[in-house]
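Novice: Here you go, one structure.
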Amino acid sequence: MEITWQTIAFFAFAVMTLGGGLMVVISRNLWHSALFLMLSLFGTSGLFVLLVAPFLAAVQVLVYIGAIAILVLFAIMLTRRMMGLEETQNTQWPAAAAVAVLLFIILVITLSPLVDEKAVTDIFGDKVANLNAHLPVDPDAKGSGVVANDDLKIVTVEKIGEALVTRDGFVLPFELASILLTAALIGAIVVAREDEA
Amino acid sequence: MVPLYFYLVVSAGLFAIGAYGALARRNAIAIVMSVELMLNAANINLVAFWRYLNPFEINGQIFAAFVFIVAAAEAAVGLALIISIYRNRQTVIVEDVNMLKW
Amino acid sequence: MYYASKLLKDAGLSDGLANTLGIYISVLLLATVFLLLPIFTIWVERKVAARFQNRVGPNRVGPFGILQSIPDVVKLLSKELIFPRNVDRIPYMISPVLMVVSVIMMVAVVPLAPNIIGTDLSIGALYFVAISSLSTIGVVMAGWGSNNKYALLGAFRTVAQLISYEIPMVFTLLVPVMLAGTMSMQKIVDFQGDNYWIFFYAPTAFIIFILSNLGEVGRSPFDLIEAESELVAGFMIEYSAMAFAMFYLAEFLHAFLIGVFAATLFMGGWQGPFVQDLPVLGILYLSAKAFFIYFLTMWIRLTLPRFRIDQMMAFNWKFLVPVSIVHLLITGFLWKVLPEPEVTGNIFDRLFNGEALLRVGVMFLLSALVFVFSLRMLRNAILRGREATSAKLREAYPAAHAAAAPAGD
């Protein structure tokens, strides 16, 4: 793997994502946890940009950082008496840590055959083999770390939009998702509102 | 290009961190945040596999988009529940909310 | 970006290096120009405000006081940056930076002229919405990090206000996206070159877009997040010197960018006569349109008093959101139903044939009708509410009412 702007950016975003995530779970101050959550989500959004999914990256910033993380901050401010908590981790934290580390090790071991890039081809068939042939990579863009315009055309926003409203696409899941969101909206209001009486 | 393996390791790490947080934190809001981290790990996985294995089909991106929707719904309802519990019991510590356990 | 790279290539650099350097130079140039712009717009704003209030305004430094902002900046730079005790230092310091950065990042997708654009993202409009939601975080960080109850109140209001006003903004932003069939800003502008400006198809969307953006920036009459008379500047209360100036910079720049984005999305951006022959004219047209809209927002700001917080939320949820949704549905319906005009011939043939005129006329009328009709409904609702309140008061305090209105009604 040669060092290009892309790899440097990848490691920066990976550190942001993982470091932010780690601070979310170990930070003693819940308010800081929420801010680190935003950092982590922003790192993930950067990873999406590197993966040439600009639509998802923007939605990540809009939905996760602009809405969900703000909602979390709001909940923290509403329950701010709970912030002076001395013990933020419960008694089973060593066991939890062991489980998490074990999970990570198992996942990494399971994934280790993929270190060899050729193995990816063997496992997932010929789809990968012609991947690089299909991808129009702009030589200038590669050096500068900026995604070339052609590169963005793998799956365009238009295609996503069409897929969400065509019958052989995802129109049914899309409608179900809208119902889910409406139900969640109404449910959240009903659950959280104060009794009038 | 960065190999697929690296993305998967980042995703696995994020998932493990989220799992630890969900198991070990006492504050319910912190647990919601940890669950968000785990959903994010899943999303990184989905998008990475889409990009490296099947970049001309949209399924991967659509899946990730649906994860966003579910995450938004989950956060809204979850935080509403937490605020409701806080209002009734003056606590958001999950161990103190044991009304069903006698 | 394109021009900078080309110049460097002509100067004999290799292609890769020229592209990379060109990108950095153009980013630097674009960001600096927009960062320095408030020095000018603050003067404009003070001068206009003075005229509205029958004053003279700054008139000492330079001709017409045009250089007034420079001594102000020097003064702010030389002041002390105060950290009150118990502030959350890192969020407290990151917040003003985040505010400025989030505003500056918006500039990236503004098409300044044909071929002159930071980056023509395929998701430009979505990017604008996503980035503008980042400033919420800055305000919340400042509000909580300051460890001050007024600041915290400001932060609470901010979350409620900014998230609410994002909704009508997105719904009206969908109108240009829907009509042009793309989220790329440059293509939206191109569309308006081939057809009428989107303003003429959907004037209501234009008005609601500006109003909801004013709410997003937190400018008067929506400046509840600072509200100096109730919250003593809200989330900025503890800030001093340059940190305070950065909040102001972000606010003024964001307010100006409303004009830029509204001009781009609804008034044809850089489109104008002869712009294809001389691209630099595009920048001129865009800034003229942007300053016109900026003047409108100043007019609103200087004329209307501040809303009460519940009035403001009601205005958003009971007026802007439903109107913008209904308007979006009507616009989409008409766009599909009305006959599509020919797209051949020169600009006059395209704009002044029967079908194009019919389409734009019907859409303009219906869009305006939606607005007028909903305004009437709003007015009636307010009058009814006022009547109910005074009836209740009359019942509760009959004596006071009789004393206050001896003539009776």
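Novice: So for the pair C:ALA49, A:THR156, with labels modelled 7 Å out along Cα→Cβ, what separation do we get in nm?
Specialist: Once both label points are built, they end up 4.6 nm from each other.
Novice: Also: According to a simple spin-label model (label point 7 Å from Cα along Cα-to-Cβ), what is the distance in nm between C:PHE333 and A:ASP116?
Specialist: Inter-label distance under the simple model: 6.3 nm.
Novice: Would you order C:TRP43, B:TRP50, A:TRP93 from fewest to most other beta-carbon atoms within 10 Å of each residue's own beta-carbon?
Specialist: Working: C:TRP43 22, B:TRP50 25, A:TRP93 18.
With the fewest neighbours first, C:TRP43, B:TRP50, A:TRP93 line up as A:TRP93, C:TRP43, B:TRP50.
Novice: Over 24 Å between Cα atoms, which of C:LYS289/C:LYS336; C:LYS47/C:LYS75; A:LYS159/C:LYS187; C:LYS187/C:LYS336; C:LYS47/C:LYS289 qualify?
Specialist: On the way: C:LYS289/C:LYS336 29 Å; C:LYS47/C:LYS75 20 Å; A:LYS159/C:LYS187 17 Å; C:LYS187/C:LYS336 20 Å; C:LYS47/C:LYS289 19 Å.
Pairs exceeding the cut-off: C:LYS289/C:LYS336.
Novice: Across peptide B:43-53, what mean number of C-beta atoms from other chains lies inside 10 Å of a residue's C-beta? Don't skip to the end; give the middle numbers.
Specialist: Values: counts 7, 7, 0, 2, 10, 5, 2, 6, 9, 8, 7.
Mean inter-chain Cβ contacts per residue within 10 Å come to 6.
Novice: So how far, in whole Å, is the C-alpha centre of the stretch A:159-183 from the one of the stretch C:78-139?
Specialist: If you average the Cα positions of each part, the centres end up 32 Å apart.
Novice: Also: Ranked highest first by average number of other Cβ atoms within 10 Å, how do C:49-60, A:28-39, A:96-107 line up?
Specialist: Answer by packing, highest mean first, reads A:28-39, A:96-107, C:49-60.
Novice: Just checking the output field for C:17-24: average partner chain Cβ neighbours within 10 Å of each residue's Cβ? Let's see the in-between values first.
Specialist: On the way: counts 3, 1, 7, 7, 1, 1, 5, 1.
Across the residues of C:17-24, the mean count of other-chain Cβ atoms within 10 Å is 3.
Novice: Taking neighbour counts of Cβ atoms within 10 Å as a proxy for exposure, in what order, fewest first, do C:PHE244, C:PHE235, C:PHE64 appear? Working shown, then result.
Specialist: Working: C:PHE244 19, C:PHE235 32, C:PHE64 13.
Arranged by neighbour count, lowest to highest, C:PHE244, C:PHE235, C:PHE64 become C:PHE64, C:PHE244, C:PHE235.
Novice: To continue, here is another question. Provide the packing ranking of B:32-45, B:86-99, i.e. peptides ordered by the mean count of other C-beta atoms within 10 Å per residue, highest first.
Specialist: So the order, starting with the most tightly packed, is B:32-45, B:86-99.
Novice: Using the Kirkwood radius built from alpha carbon pairs, what does the Stokes-Einstein equation give as D for chain C at 37 °C and 0.692 mPa s, in µm² per second? Could the numbers behind the result be given before it?
Specialist: Working: Rh = 23.6 Å.
D, rounded to a whole number, is 139 µm²/s.
Novice: While we're here: Quick check for me: using +1 on Lys/Arg Cβ and -1 on Asp/Glu Cβ, what's the dipole size of the protein assembly as shown about its Cα centre, in debye to the nearest 20?
Specialist: 2060
Novice: Here's another thing I want to ask about it. Normalised by the empirical 2.2 N^0.38 Å for globular proteins, what value does the Cα Rg of the protein assembly as shown take? All intermediate terms of the calculation are to be shown ahead of the outcome.
Specialist: Details: Rg = 27.2 Å, N = 708, 2.2 N^0.38 = 26.6 Å.
Normalised by 2.2 N^0.38 Å, the Cα Rg of the protein assembly as shown equals 1.02.
Novice: I want to check the label-to-label distance for C:ASN147 and B:ASN59. Put each point 7 Å from Cα in the C-beta direction and report it in nm to one decimal.
Specialist: 5.4
Novice: Also: Say a paramagnetic label sat at a point 7 Å from the Cα of A:VAL165, along Cα to Cβ; which residues of the stretch C:143-177 have their backbone N under 17 Å from it?
Specialist: So the set is C:171-177.
Novice: For A:VAL24, C:VAL159, A:VAL59, what's the fewest-to-most ordering of other Cβ within 10 Å of each Cβ?
Specialist: Values: A:VAL24 28, C:VAL159 20, A:VAL59 23.
The most exposed by this proxy come first: C:VAL159, A:VAL59, A:VAL24.
Novice: Other chains near A:184-194: what is the mean number of their Cβ atoms within 10 Å of each residue's Cβ?
Specialist: On the way: counts 10, 5, 1, 5, 10, 2, 3, 10, 10, 4, 3.
Averaged over the peptide's residues, the number is 6.
Novice: Based on the Cβ-Cβ distance of C:LEU393 and C:LYS318, what FRET efficiency does E = 1/(1 + (r/R0)^6) give at R0 = 41 Å, to the nearest 0.05? Could you put the intermediate results ahead of the total?
Specialist: Values: r = 23 Å, r/R0 = 0.56.
The computed FRET efficiency comes out at 0.95.
Novice: Right, another one. If you take the alpha carbon radius of gyration of the stretch A:1-79 and divide it by 2.2 N^0.38 Å, what ratio comes out, to two decimals? Numbers along the way, then the final one.
Specialist: On the way: Rg = 13.8 Å, N = 79, 2.2 N^0.38 = 11.6 Å.
Computed over Cα atoms of the stretch A:1-79, the ratio equals 1.19.
Novice: What length, rounded to one decimal in nm, is gained on full extension from C:PHE292 through to C:ILE382, with 0.36 nm per residue of separation minus their alpha-carbon distance?
Specialist: On the way: separation 90, 0.36 × 90 = 32.40 nm, distance 3.11 nm.
Net length gain for the segment: 29.3 nm.
Novice: If you don't mind, there's one more thing I want to ask. Arranged from highest to lowest average of other beta-carbon atoms within 10 Å per residue, in what order do the peptides C:373-383, C:173-183 appear? Kindly include the intermediate steps, with their values, before the conclusion.
Specialist: Values: C:373-383: 12.3, C:173-183: 21.1.
Sorting C:373-383, C:173-183 by mean packing, highest first, produces C:173-183, C:373-383.
Novice: With r defined as the distance between the Cβ atoms of A:THR182 and B:GLU95 and R0 fixed at 30 Å, what FRET efficiency is calculated, to the nearest 0.05? Walk me through the numbers before you get to the answer.
Specialist: Details: r = 33 Å, r/R0 = 1.12.
Efficiency for this residue pair is about 0.35.
Novice: Also, quick follow-up: Estimate the FRET efficiency between C:ASN346 and C:ILE82 by the formula 1/(1 + (r/R0)^6), using the beta-carbon distance for r and 60 Å for R0, to the nearest 0.05. Show your work: numbers first, answer last.
Specialist: Working: r = 63 Å, r/R0 = 1.04.
The calculated FRET efficiency here is 0.45.
Novice: Further question on the same structure: Can you give the net charge of the other residues whose Cβ lies under 14 Å from the Cβ of C:THR297, counting K and R as +1 and D and E as -1? Before the final figure, lay out each step's value.
Specialist: Values: positive: C:ARG219, C:LYS289, C:ARG301; negative: C:GLU45, C:GLU216, C:ASP223, C:GLU251.
Result for the local shell: -1.
Each reported figure results from applying straightforward, stated rules to the coordinates on display, with no laboratory input. These figures come from a predicted structure and were not determined experimentally. Here the Cβ is made from the backbone with ideal geometry for all residues, glycine too, and neighbour counts use every protein chain on show.
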